[in-house]
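Have a look at the structure below, then the notes.
The values are calculated or read from the model by the stated rules, or taken from the named source; none is laboratory data. Remember, it's a predicted structure, so these values are computed and weren't measured experimentally. Glycine gets a Cβ as well: all are built from the backbone with ideal geometry, and neighbour counts include every protein chain shown.
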Ligand SMILES: [Zn+2]
Ligand SMILES: [Zn+2]
(Lines give C-alpha, C1' and ligand atoms only; values in the text may rest on other atoms or scores of the structure.)
(Ligands and ions follow the chains in the order given, each with its own letter.)
Protein backbone atom coordinates (compact mmCIF):
# COMPACT_ATOMS: atom_id res chain seq x y z
CA UNK A 1 0.00 0.00 0.00
CA UNK A 2 1.26 3.44 -0.87
CA UNK A 3 0.43 6.28 1.43
CA UNK A 4 -1.46 9.08 -0.30
CA UNK A 5 0.69 11.79 1.29
CA UNK A 6 4.42 12.06 1.26
CA UNK A 7 6.91 14.36 2.94
CA UNK A 8 9.36 16.01 0.60
CA UNK A 9 12.96 15.47 1.63
CA UNK A 10 13.95 18.90 0.31
CA UNK A 11 11.32 21.31 1.59
CA UNK A 12 9.90 19.05 4.34
CA UNK A 13 6.36 19.78 3.25
CA UNK A 14 3.84 17.00 3.25
CA UNK A 15 2.09 16.96 -0.08
CA UNK A 16 -0.32 14.62 -1.86
CA UNK A 17 1.42 11.86 -3.74
CA UNK A 18 0.34 13.28 -7.09
CA UNK A 19 2.69 16.18 -6.41
CA UNK A 20 5.59 13.83 -6.88
CA UNK A 21 6.99 12.68 -10.17
CA UNK A 22 7.30 8.99 -10.81
CA UNK A 23 10.82 7.65 -11.14
CA UNK A 24 9.93 5.49 -14.09
CA UNK A 25 10.43 2.23 -12.21
CA UNK A 26 7.12 0.77 -11.12
CA UNK A 27 5.06 2.91 -8.79
CA UNK A 28 8.03 4.57 -7.15
CA UNK A 29 7.97 8.29 -6.64
CA UNK A 30 10.82 10.74 -6.23
CA UNK A 31 11.64 11.66 -2.65
CA UNK A 32 11.34 15.34 -3.44
CA UNK A 33 8.17 17.02 -4.62
CA UNK A 34 7.58 18.25 -8.16
CA UNK A 35 8.56 21.81 -7.31
CA UNK A 36 11.83 20.80 -5.65
CA UNK A 37 12.55 18.33 -8.40
CA UNK A 38 12.21 21.05 -11.03
CA UNK A 39 14.65 23.23 -9.11
CA UNK A 40 17.08 20.35 -8.88
CA UNK A 41 16.86 19.60 -12.59
CA UNK A 42 17.34 23.27 -13.44
CA UNK A 43 20.41 23.37 -11.20
CA UNK A 44 21.90 20.29 -12.81
CA UNK A 45 21.69 21.85 -16.23
CA UNK A 46 24.86 23.48 -17.45
CA UNK A 47 24.83 27.23 -17.17
CA UNK A 48 23.90 28.46 -20.60
CA UNK A 49 26.55 30.80 -21.83
CA UNK A 50 25.74 33.21 -24.60
CA UNK A 51 26.48 30.99 -27.52
CA UNK A 52 28.37 32.83 -30.20
CA UNK A 53 29.60 29.88 -32.26
CA UNK A 54 32.70 31.90 -32.90
CA UNK A 55 36.10 30.77 -31.78
CA UNK A 56 37.35 32.87 -28.86
CA UNK A 57 40.79 33.06 -30.40
CA UNK A 58 40.61 33.33 -34.19
CA UNK A 59 36.93 34.28 -34.43
CA UNK A 60 36.35 31.56 -36.98
CA UNK A 61 32.81 30.31 -37.31
CA UNK A 62 32.47 26.67 -36.37
CA UNK A 63 29.55 24.32 -35.94
CA UNK A 64 31.25 22.70 -33.03
CA UNK A 65 33.43 24.52 -30.58
CA UNK A 66 35.49 22.86 -27.91
CA UNK A 67 35.87 23.95 -24.34
CA UNK A 68 39.45 24.29 -23.29
CA UNK A 69 40.60 23.86 -19.72
CA UNK A 70 43.78 25.46 -18.47
CA UNK A 71 44.61 24.93 -14.82
CA UNK A 72 41.05 23.69 -14.28
CA UNK A 73 39.57 26.96 -15.46
CA UNK A 74 37.22 26.94 -18.37
CA UNK A 75 38.72 29.25 -20.94
CA UNK A 76 35.73 29.45 -23.17
CA UNK A 77 35.15 27.83 -26.49
CA UNK A 78 37.54 27.54 -29.36
CA UNK A 79 37.68 25.86 -32.75
CA UNK A 80 39.49 22.60 -33.44
CA UNK A 81 42.48 24.33 -35.00
CA UNK A 82 43.08 26.59 -32.03
CA UNK A 83 42.37 23.72 -29.67
CA UNK A 84 45.09 21.71 -31.33
CA UNK A 85 47.57 24.58 -31.12
CA UNK A 86 46.70 25.32 -27.51
CA UNK A 87 46.88 21.67 -26.47
CA UNK A 88 50.36 21.29 -27.89
CA UNK A 89 51.43 24.63 -26.44
CA UNK A 90 49.90 24.06 -23.03
CA UNK A 91 53.03 22.82 -21.26
CA UNK A 92 54.82 25.92 -22.59
CA UNK A 93 52.07 28.50 -22.33
CA UNK A 94 54.19 30.55 -19.93
CA UNK A 95 56.81 30.80 -22.68
CA UNK A 96 54.36 32.24 -25.17
CA UNK A 97 55.73 35.80 -24.93
CA UNK A 98 59.21 34.39 -25.62
CA UNK A 99 57.89 32.39 -28.55
CA UNK A 100 56.28 35.49 -30.04
CA UNK A 101 59.42 37.53 -29.58
CA UNK A 102 61.42 34.75 -31.19
CA UNK A 103 59.08 34.63 -34.16
CA UNK A 104 59.18 38.39 -34.65
CA UNK A 105 62.95 38.39 -34.76
CA UNK A 106 63.07 36.69 -38.12
ZN1 LIG B 1 9.61 19.92 -1.95
ZN1 LIG C 1 40.08 29.25 -33.55
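To keep it simple, each residue is scored yes or no on (1) modelled with pLDDT under 85; (2) under 23 Å from the mean Cα position of the chain (by Cα); (3) surrounded by 14 or more Cβ atoms within 10 Å (Cβ to Cβ); (4) outside any helix (DSSP H, G or I).
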| position | (1), (2), (3), (4) |
| --- | --- |
| 35 | no, yes, yes, no |
| 59 | yes, yes, no, yes |
| 91 | no, no, no, no |
| 101 | no, no, no, no |
- Item | Every residue from segment 1-30 that is in a loop (DSSP other than H, G, I, E, B) and either within 16 Å of ligand 2 (Cβ to nearest atom) or more than 22 Å from residue 43 (Cα to Cα) (or both) | 1, 2, 3, 4, 25, 26, 27, 28
